[in-house]
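See structure below.
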Amino acid sequence: MKSQWDCLLQNLGEWQGSFTRFSAEGNELEDTPTVVSLEGLNGNQTIRQIIRRLASEPTEKILEYSTLGRGILFFEDGAFSQGSLQFAPFSEFGAELGLIHGDRRLRLVQLFNRASQCDRVTLIREHRAGTATPDRPPLTVEDLIGTWQGAATTLYPDWREPSTFSSRLQVQREGDRLLQQLSFGADVSSQAIASVAEIDGNRLMFMQGVQPIQVLLLPDGASSNCPMQIKPREAFFLEAGWLIQPNLRQRMIRSYGDKGEWLSLTLVTEQKVSEE
C-alpha cells in the first residue's frame, strides 16, 4: 500500500482551471481563473505549491511542506480531503474534498460560519496543463435516477487499516420528490437508509430528521451535500460528488461524530447498473 506522501505525489503537475464561489443556496457569486502547480523538490521529499488567481488583481501564494497535517488524508489515486479536525459551536468550520480522474481534478470547499450555518461553497474545476478535456454539463436530477452499484474505501485519521465495503444506491423520482434507498456493508444489505428530498431547482432538500440536509447540483457534474446547519451533539457528514461519465460517479464523504470529532473519510466509486 502506498504511503500517504506517495498518494499526495499523484497530484504533482500544473493544474489549470477556476475557483467558482456559490452562495449557500447554490447561486453563483464569482468565478476566478486559476493555475495551481505542485512541484517535487529534493527528490520529492518537499512539495512546493503555487496558487495563482488570475483575477483583475492577480494574486500568488507559495507554500512549501515536507510533512502532512493531521487534518488531511489521501487515497491511492491522489483523491484527498483536508479540513477541520473538530467541529465546535461559535467557530468557523469547513473542509475541502478533492477528487481526481486521469488529467482532471474536481475539488469542493464547504465553509460554515460561526452560527454553524453553511455559508458558502467553492467549486474548483481543473485539468493538467496541456490537456483539454471539456467540463461536463451541470448535474441534473435525471442524471442521478437509477441504481448505482458502488465500491467504497474508508480511511481513518489514526491511520489504522483502511476498510472496504460495497454499496447500492437506488434513486427514483416521484413528481417533485426524489426517493433514495442506500444499502451498504459486506453483503450490501448490512445497513439500509431511506430518504426523501424535495426538488427545488438545482437543490435537493432532505428535511426529515433533526439535521436538514441540502444537496446542490453544480456545474461539471458536481454535487455538494452537507447540513444546512450543524447541530451540536449530532453526527453529520460532508460530501462531494462527481459524475465523471453518464454511468460513472464518485462520492467522497468526510464523517464527524456526535462530539464533533472527525471520524473517517470514505471514497465511493459507483457504476449505474440500471435506469429506474
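Given the alpha-carbon gyration tensor of the chain, what are the semi-axes of its equivalent ellipsoid in whole angstrom, ordered largest first, with each equal to the square root of 5 times an eigenvalue?
Each semi-axis is √(5λ); the values are 28, 21, 20 Å.
What nm value, rounded to one decimal, do you get for the distance between Gln86 and Ser163 when each label is placed 7 Å out toward the C-beta?
2.4 nm
Rank Pro134, Ser224, Leu97 by how far each Cα sits towards the positive end of the charge dipole of the chain (+1 on Lys, Arg Cβ; -1 on Asp, Glu Cβ) and give me just the farthest.
Working it through, the farthest residue towards the positive pole turns out to be Leu97.
GNM on the chain, C-alpha springs below 10 Å: top fluctuator among Ile47, Ile124, Ile230?
Greatest mean-square fluctuation among the candidates belongs to Ile47.
Dipole of the stretch 32-105, Cα-centred, from +1 at each Lys and Arg C-beta and -1 at each Asp and Glu C-beta, to the nearest 20 debye?
Computed about the Cα centre, the dipole is about 60 debye.
Over the chain, with a Gaussian network built from C-alpha contacts below 10 Å, which listed residue (Leu97, Leu204, Leu216) shows the highest mean-square fluctuation?
Leu204
Mind giving me the FRET efficiency for Leu248 and Arg114? R0 is 45 Å, r the Cβ-Cβ distance, nearest 0.05 is fine.
0.70
If the only charges are +1 at each Lys and Arg Cβ and -1 at each Asp and Glu Cβ, what is the size of the charge dipole of the stretch 15-143 around the Cα centre, to the nearest 20 debye?
Dipole of the stretch 15-143, to the nearest 20 debye: 320 debye.
In sequence order, what are the phi-derived ³J(HN,Hα) couplings for the stretch 142-159 according to the Karplus relation 6.51 cos²θ - 1.76 cosθ + 1.60 with θ = phi - 60°, rounded to whole Hz, with x for glycine and proline?
4, 4, 8, 5, x, 10, 10, 9, x, 10, 10, 10, 10, 9, 10, x, 8, 6
Rounded to the nearest 0.05, what FRET efficiency do Thr154 and Glu25 give with R0 = 51 Å and r taken as the Cβ-Cβ distance? Could you check?
E between Thr154 and Glu25, to the nearest 0.05, is 0.95.
Between Ser91, Ser166, Ser195, which gets the highest mean-square fluctuation from a Gaussian network model of the chain, Cα cutoff 10 Å?
Taking springs between Cα atoms under 10 Å, the residue moving most is Ser91.
Please work out the ratio of the alpha-carbon Rg of the stretch 111-156 to 2.2 N^0.38 Å and round it to two decimals.
The value comes to 1.76.
Please turn the phi angles of the stretch 201-210 into ³J(HN,Hα) values with the Karplus equation 6.51 cos²θ - 1.76 cosθ + 1.60 (θ = phi - 60°), one per residue in order, whole Hz, x for glycine and proline.
x, 8, 10, 10, 10, 8, 9, 6, x, 7
Amide H of Phe75: which non-local residues (sequence gap of 5 or more, or other chain) have their own amide H closer than 5 Å, using H built in the peptide plane?
Phe80
Mind grabbing the base-10 log of I(q)/I(0) for the stretch 1-99 at q = 0.11, 0.18, 0.20 Å⁻¹? Debye formula, identical points on the C-alpha positions, no solvent, two decimal places.
Log10 I(q)/I(0), no solvent term: -0.42, -1.06, -1.20.
In deg cm²/dmol and to the nearest 500, what is the mean residue ellipticity at 222 nm of the chain if only DSSP H runs of at least 4 residues count, each as -39500 (n - 2.57), divided by the residue total?
Mean residue ellipticity, 222 nm, calculated: -500 deg cm²/dmol.
What whole number of Å gives the distance from the Cα centroid of the stretch 1-80 to the Cα centroid of the stretch 146-175?
That distance is 25 Å.
Just want the ordering: Thr59, Thr20, from fewest to most Cβ atoms lying within 10 Å of their own Cβ.
Thr59, Thr20
To the nearest 20 Debye, how big is the dipole of the chain about its Cα centre, given +1 on the beta carbon of each Lys and Arg and -1 on that of each Asp and Glu?
400 debye
May I ask you to sort Arg136, Arg125 by Cβ crowding, counting other Cβ atoms within 10 Å and putting the fewest first?
In order of increasing Cβ crowding within 10 Å: Arg136, Arg125.
How are the Cα pair distances of the stretch 82-221 distributed, in percent, across 10 Å bins from 0?
Calculated P(r), rounded to whole percents: 9, 27, 42, 21, 1.
Values quoted throughout were computed directly from the atomic coordinates according to the rules given, and no laboratory measurement underlies them. Being a predicted model, the structure only gives us computed values, none of them experimental. Please note: Cβ atoms are built from the backbone with ideal geometry, for glycine as well, and neighbour counts cover all protein chains shown.
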